[in-house]
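Before any comments, here is the structure.
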Amino acid sequence: MDTQSIVQADIIRAIAELYPGNSGEVQLSPTKKEFEGQYTFVTFPYTKVLRQAPAQIGQAIGNWLLENSTVVSRFNVVQGFLNISIADAAWVEVLNTIATDTAFGTLPANGKSVMVEFSSPNTNKPLHLGHLRNNFLGDSVSRILAANGYDVVKTCIVNDRGVHICKSMLAYRMFGDGETPESSGMKGDHLIGKYYVLFDKAYKAQVAGMVEQGVVKEEAEKTAPLMLEVQQMLRLWEQGDPETIALWKQLNNWVYAGFDATYKSIGVSFDKTYYESNTYLLGKEIIEEGLEKGVFFRKDDGSVWIDLTEDGLDQKLVLRSDGTSVYMTQDLGTTDLKFQDFHSDRQIWVVGNEQDYHFNALFAILRRLGKEYANELYHLSYGMVDLPTGKMKSREGTVVDADDLIQETTDAASTAADEAAKGKLDDFSDVEKKALFQMLGLGALKYYLMKVDPQKRMQFNPAESVDLHGNTGPYIQYVHARIQSILRKAAELNFVAEGAVTTTQLDEVEQQLVFLLSQYTQRVSEAGTAFAPSYIAQYAYELAKTFNQFYDKLSILKETDSVKLHARLILSKAVGETIRKAMGLLGIDVPEKM
């Protein structure tokens with residue numbers, strides 16, 4: 001039973017009967033907590049058409065609903081807001097439907113496909129805090145879109161070539177002395193990241209020395225010997241120099257092994273990985289195509305441009321005067337390649353908001369070129385993540401590595417759980433404790449980074465993320481574990497959480513729980529439309545918090561009325577299952593016990 005759709009249809013009927021000749025769509029919203037009811041109908045927009053005061057319209061429709069609706073039990077009017085309460089019998093029917101629907105919250109296949117590209121790491125450094133928000137968003141959006149019936153392909157492009165990669169390579173050649181991940185005891189990505197930082201320190205020292213000798217800083221930055229060596233190394237790479245290619249492959253393979261370990265630890269995977277070294281030349285054919293169509297123009301120095309002023313942008317370089325590619329060249333080719341590979345109905349890029357202009361330009365160029373997929377491209381732009389200590393800078397070694405942060409959060413979660421458990425974890429084996437603490441730590445990290453609207457810049461506070469009493473992943477995980485504990489104890493007492501609910505009366509907090517359960521599918525749909533895991537995070541917290549209110553107010557296992565006891569067990573089980581599904585859409589596991 002979809003109570004919201006029934007009430008909407010009833011209000012449409014009410015308007016048609018009370019105000020002949022008037023009709024249209026009706027929108028409902030959840031009633032604010034300070035008022036009685038579950039659904040609210042706003043009457044302000046109808047005052048001119050119906051020629052009555054908002055409260056008068058609400059009163060008339062409310063009275064009609066009491067007399068004619070099969071699901072409405074009460075109503076109240078606050079100015080132009082008609083707050084509607086649903087009858088217990090209707091909520092019981094809703095609960096029974098949810099409790100027996102194994103596919104609850106998952107929409108049927110819609111025949112459409114979507115590609116989500118995320119992560120996009122560089123092979124000169126390990127994944128860091130910013131990458132974590134990117135990966136968590138990309139993975140969660142993929143899960144949410146799949147729940148909305150889309151065929152989802154997860155892709156990643158690895159930035160494995162260019163000046164920044166050569167900086168690590170040159171530093172390793174200069175300072176590495178044969179060091180390996182095995183000899184250093186470091187993951188490969190951490191090891192290469194170390195040399196990226198070493199290059200920056202040596203390069204800055206060279207620039208400072210040249211400035212002391214009277215060279216202008218800008219000139220020193222361009223002509224410092226280390227920078228010239230890096231540029232030469234890039235040229236050798238592009239020419240296929242065997243020695244350079246061998247070093248490049250060796251260091252990249254170390255980094256890939258490090259990336260794979262991190263991806264495994266955070267539960268992220270990809271269906272297809274693209275490499276910039278294989279795609280950076282692809283866009284040149286598209287540039288030639290655009291020149292023939294008159295989409296691009298060539299300047300006197302031989303460089304190729306496009307004028308995007310009509311799109312609110314400016315002139316954009318797409319090919320250098322020496323014929324070498326820029327990022328835009330590569331992205332034009334890679335976007336076309338991805339479409340040819342999968343023919344997805346939509347392509348989504350999860351990339352930080354510092355690239356907003358780039359993607360606006362990319363999409364505008366593809367529209368000008370008349371690409372069939374050009375109108376179905378979307379940049380999921382997200383804000384940067386700061387720490388309490390401020391911004392992070394890879395070159396200066398001030399980033400927080402993903403692996404270190406995961407461990408730090410796991411350690412904090414274990415401390416918080418131990419303190420809260422007060423000895424209840426004593427019957428856990430060391431293996432079980434380790435698994436639990438890892439689940440809580442990763443849950444804390446993922447939830448904290450996804451509960452905020454993706455577009456907002458945010459600050460990550462590790463200590464706050466593991467709080468068992470706030471709007472956190474561990475709090476929701478704990479509620480799920482509490483529900484499973486109740487169900488286990490019920491089974492031990494031979495109380496079953498199966499079959500149809502037969503009670504005819506629900507407490508207010510039980511009504512609210514069933515209402516929240518009934519909203520789950522809609523929240524999943526809204527999260528898919530907005531590409532916003534934060535919608536699911538906030539829903540999971542609201543559901544967990546309301547269950548705790550239910551748990552504190554009403555007895556479950558000590559309830560003497562067997563009909564009420566059975567209903568509360570069914571309700572608890574449905575809440576636990578929905579929390580598991582919601583958290584699963586965020587890529588977060590929930591424990592059976594804590």
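The values are calculated or read from the model by the stated rules, or taken from the named source; none is laboratory data. Predicted model, so just to flag it, every value in this text is computed and none were measured. Cβ atoms come from the backbone with ideal geometry, glycine included; neighbour counts cover every protein chain shown.
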Practice problem: Collect the residues in segment 450-485 that are in contact with a Leu (Cβ under 7 Å, 6 or more places away or on another chain) and at pLDDT 95 or above, keeping them in residue-number order. | Solution: M450, P474, Y475, Q477, Y478
Quiz item: Where in segment 242-346 are there helices (runs of 4 or more DSSP H), lying wholly inside it, with at least 1 residues that are of a type in the set (D, E, K, R) and free of Cβ contacts under 8 Å to residues at least 60 places away in the same chain?
Solution: 242-266, 283-293, 327-342
Quiz item: Could you list, in sequence order, the residues of segment 411-454 that are polar (S, T, N, Q) and exposed (fewer than 15 other Cβ atoms within 10 Å of the Cβ)?
Solution: T415, S429
Quiz item: Can you name the condition, by its number, that F199 falls short on among (1) at pLDDT 95 or above; (2) more than 30 Å from R367 (Cα to Cα); (3) surrounded by fewer than 19 Cβ atoms within 10 Å (Cβ to Cβ)?
Solution: (3)
Quiz item: So, in segment 1-30, of the ones that are in a helix (DSSP H, G or I) and acidic (D, E), which residue ends up surrounded by the most Cβ atoms within 10 Å (Cβ to Cβ)?
Solution: D10
Quiz item: How do the pairs read when you match residues in segment 539-564 that are β-branched (V, I, T) with residues anywhere that are outside any helix (DSSP H, G or I), using Cβ under 6 Å and keeping only pairs 6 or more apart or on different chains?
Solution: V563/T502; V563/T503
Quiz item: If you take the residues in segment 91-121 that are in contact (Cβ under 8 Å) with a residue 12 or more places away in the chain and among the acidic types (D, E), which one is surrounded by the most Cβ atoms within 10 Å (Cβ to Cβ)?
Solution: E117
Self-check item: Spans of helices (runs of 4 or more DSSP H) in segment 497-583 with at least 3 residues within 23 Å of Y478 (Cβ to Cβ), of a type in the set (A, V, I, L, M) and modelled with pLDDT of 95 or more
Solution: 508-518, 533-553
Quiz prompt | Tally of residues being over 16 Å from E354 (Cβ atoms) and in contact (Cβ under 8 Å) with a residue 40 or more places away in the chain across segment 122-144 | solution = 14
Practice problem: Give segment 214-227 a look and list any residue that's crowded, with 19+ Cβ neighbours inside 10 Å and either farther than 26 Å from L251 by Cα or in contact (Cβ under 8 Å) with a residue 60 or more places away in the chain (or both), or say none. | Solution: A220
Self-check item: Residue list for segment 15-44, restricted to those being out of contact with any Gly (no Cβ under 9 Å at 6 or more places or on another chain) and farther than 13 Å from N83 by Cα
Solution: A16, E17, L18, Y19, P20, G21, N22, S23, G24, E25, V26
Self-check item: Number of the exception - T97 against (1) assigned to a helix (DSSP H, G or I); (2) within 20 Å of L380 (Cβ to Cβ)
Solution: (2)
Quiz item: Within segment 182-189, is even one residue surrounded by 24 or more Cβ atoms within 10 Å (Cβ to Cβ) and out of contact with any Cys (no Cβ under 8 Å at 6 or more places or on another chain)?
Solution: yes
Quiz item: So which pairs qualify, if the first residue must be in segment 199-213 and touching a residue at least 12 places away in the same chain (Cβ under 8 Å) and within 20 Å of Q231 (Cα to Cα), the second must be assigned to a loop (DSSP other than H, G, I, E, B) and aliphatic (A, V, I, L, M), the Cβ gap must be under 8 Å, and the two must be at least 6 apart or on different chains?
Solution: Y203/A224; Q206/A224; V207/A224; M210/A224
Quiz item: Quick check, is D88 more than 21 Å from A530 (Cβ to Cβ), touching a Leu at 6+ places or on another chain (Cβ under 7 Å), surrounded by fewer than 21 Cβ atoms within 10 Å (Cβ to Cβ) and not β-branched (V, I, T)?
Solution: yes
Self-check item: Residue pairs meeting the criteria (Cβ under 6 Å; at least 6 apart or on separate chains; first in the same structural domain as Y19 (by TED's automatic domain parsing) and assigned to a helix (DSSP H, G or I), in segment 45-56; second surrounded by 14 or more Cβ atoms within 10 Å (Cβ to Cβ) and among the aliphatic types (A, V, I, L, M))
Solution: Y46/I57; L50/I57; A55/V77
Quiz item: Taking segment 51-85 only, how many residues are buried (at least 18 other Cβ atoms within 10 Å of the Cβ) and either farther than 16 Å from E34 by Cα or among the aromatic types (F, W, Y) (or both)?
Solution: 13
